[in-house]
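Notes follow once the structure below has been shown.
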Amino acid sequence: MVASSHPAVSRAGAAVLEAGGNAVDAALAMAAMSWLALPGQCGVGGDAFALLRRPDGTVTAFGGSGFGPDGGDPGFYRERGLAAVPLEGPLAVAVPGAVAALAALHADAATWDLPRLWAPAADAAERGVPCTYKTRDDIIERREALARDPGTARVFLPKGAPPPVGTPLRQPELAATLRRLAADPASFYTGEPAERAVAALVAAGAPFSGDEWAATGEALVGDALTGSYRGVTVHQTPPPTPGWMVLQQIALNDGRLAELPWLSAEAVHRSASAARLAFADRFAGCGSDNDHWRGLLAPDAIAAARARLLAGDLPAPATPAVPVDGDTTSMAAVDGDGMAVSLIHSLAFTFGARVTVPGTGVVLNNRLGRGAYLIDGHPNEVRPRRRPLHTLNAWLVTGDDGRLLHVGNTPGGDGQVQWNAQLLSHLLDHGLDPATAVAAPRFTAHPGSDADVIGEPPELRCESRLGAARLQRLRELGHDVRVQGPWAAGGSAQIISVAEETGVLLGASDPRQDGVALGV
């Protein structure tokens, strides 16, 4: 079974499984197809993270997260009169890590070669994937920025205007790039593609040396983070992702949410308060290259944080911020042998930095601008060879005997760690099926700790389907409630579960986007 946010992506994975490929093969084919089907959300120029659960029960994390420019120390930005790392343009770019992560995942457990897996995506790039309503809306909202870059303008603004829904978005340059990277993914970091990218960015004023590209080519591969919840094991992606924040929230709520009615005001209050504490802890001391988060998961720290929750001691941010933006996509795949992959990748903001590498069709991310702070001495202060903190994370759940129970994820910026904790509660506290879990009314403690939102006034954003009575009760509990449309919270959750008694796979894709789960 596979699940993703776009039918063409899910179909790519299902076709691989039907032809005898395994879950890793399916996930890699889906990742490449999503670069075409969801161009605002992900791309060759973005980052990626994945969890792999093998049939023997072992779990490994794969991370592709890039460094900023070697010349990008705090002084570089301050000398240019900047109060923050820019959110758009060449100065917002970090070295893309997605290709490195996917290549490492492929080397670990794939059975098909990359040229075979990525050929359907390259073919789709040549003939064009039809523009969806979402992609058209993304183009309309970022039209001015896309028009400034010749590469994005040529693809996403044909004839100088956003394309009608259904128009094939042809990307012949990207097709050639995909074929080249499938044959030699390392070239993206040490070959001609890397040289082309560095030259273009340097010419545009970004202080890259090229060495940081070679360093990013070494993917982050190692053990997943684990936590216990309701007697099962939750696996999460390690830093620079915020996977530990999901583990912190479920530790704070273990044994408590199950005692409360599902999505009652008190349950929402408890979950939102745990998220608020996690974001405060993240901002207070976490960087991608320190272990501050480990102490936050220690039993005494969890006990102290639970006491704070009971006392209503919820910190509020205090520094100015700018408007939020962002987009990502994720997918899951499980094969008949029990191999499972949870994969998520992103350009950070929609269409990333809104700049391309000339001649390649590669849209570059703006992860440095979104994830690194320009705050003196902060563990997440922008520094050479320091990866910016991420919003991306992925999870899967195994039983006490190592058997696979659930695999899932969701995009959504700082909503991810909250919504993933909510999904886990739906599944484990209340025994819900995947379809009910991904469609459940969603709520979001805002702001999180992304560089672009720190300091905004605290509020609780709730989909109206929670109901007027519960929303009023949340106000009484002290939340500044902001009511959203019934399906307007954001995100696009994917879940595949294994039925305990029969072993049948149950899957669902979030109705908030265009996705689908397919079994073969």
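FYI, it's all coordinate maths here, none of it is from the lab. Predicted, not measured: the structure shown is a model, and the values here were computed from it. FYI the Cβ positions are ideal-geometry reconstructions off the backbone, even for glycines, and counts take in every protein chain you see.
The ranking of E141, E500 from fewest to most other beta carbons within 10 Å of each one's beta carbon is E500, E141. Could you tell me whether region 373-507 comes out rounded, prolate or oblate from its Cα gyration tensor? Rule is a ≥ b ≥ c as square roots of the eigenvalues, rounded for a/c under 1.5, then prolate if a/b exceeds b/c, otherwise oblate. Verdict is oblate for region 373-507.
Fully extending the segment from E18 to D108, taken as 0.36 nm per residue of separation minus the present Cα-Cα distance, adds 30.3 nm. Between D137 and A183, the contour length at 0.36 nm per residue exceeds the alpha carbon distance by 13.2 nm.
In the chain, what % of DSSP beta bridges are antiparallel (nearest 5)?
Bridges in the chain that DSSP calls antiparallel: roughly 90 percent.
Which log10 I(q)/I(0) values does region 458-520 give at q = 0.12, 0.23 Å⁻¹ under the Debye formula, counting every alpha carbon as one identical point scatterer? Cα-only, vacuum Debye calculation for region 458-520: -0.49, -0.89.
Taken one residue at a time, the phi angles of region 482-489 give Karplus couplings (6.51, -1.76, 1.60, θ = phi - 60°) of 10, 7, 9, x, x, 10, 9, 5 Hz. Gly and Pro are set to x. Per residue, the chain reaches -11000 deg cm²/dmol at 222 nm when only DSSP H runs of four or more residues are counted, each adding -39500 (n - 2.57). For region 10-17, backbone phi angles converted through the Karplus equation (6.51, -1.76, 1.60; θ = phi - 60°) give residue-by-residue couplings of 4, 4, 4, x, 4, 4, 5, 4 Hz, Gly and Pro being listed as x. For the chain, the Kirkwood estimate of hydrodynamic radius, built from reciprocal distances between every pair of different alpha carbons, is 22.7 Å. The alpha-carbon positions of region 104-154 define a convex hull whose volume is 134 Å³ per residue. Considering only G57, L506, G151, the residue lying farthest towards the positive end of the dipole of the chain is G151, judged by Cα position with unit charges set on Cβ. By the beta-carbon count within 10 Å of each Cβ, the least crowded to most crowded order of S288, S228, S10, fewest first, is S228, S288, S10. Distance between the pseudo-spin-label points of D400 and E79 (7 Å out from Cα toward the beta carbon): 6.1 nm.
Set the Förster distance to 41 Å, then compute FRET efficiency between A298 and D480 from the Cβ-Cβ distance, nearest 0.05. Could you put the intermediate results ahead of the total?
Values: r = 32 Å, r/R0 = 0.77.
Taking R0 as 41 Å, the efficiency between A298 and D480 is 0.85.
Using the Cβ-Cβ distance between A469 and E192 with R0 set to 60 Å, the FRET efficiency works out to roughly 0.45. Taking amide H positions as placed in the peptide plane 1.01 Å from N, state which residues far from V221 in sequence (5 or more) or on other chains have amide H under 5 Å from it. HN-HN under 5 Å from V221: G63. Extension gain, A280 to D433: 0.36 nm times the residue separation minus the Cα-Cα distance gives 51.9 nm. Charged side chains reduced to their Cβ positions (Lys and Arg at +1, Asp and Glu at -1) give the chain a dipole of some 1060 debye around its Cα centre.
Put simply, the amide H of I495, placed in the peptide plane, has neighbours under 5 Å in A508, leaving out anything fewer than 5 places away on its chain.
The ranking of S342, S209 by Cβ neighbour count inside 10 Å, starting from the fewest, reads S209, S342. Using only alpha-carbon positions in region 1-56, the gyration tensor eigenvalues give semi-axes of 20, 14, 8 Å once each is multiplied by 5 and square-rooted (largest first).
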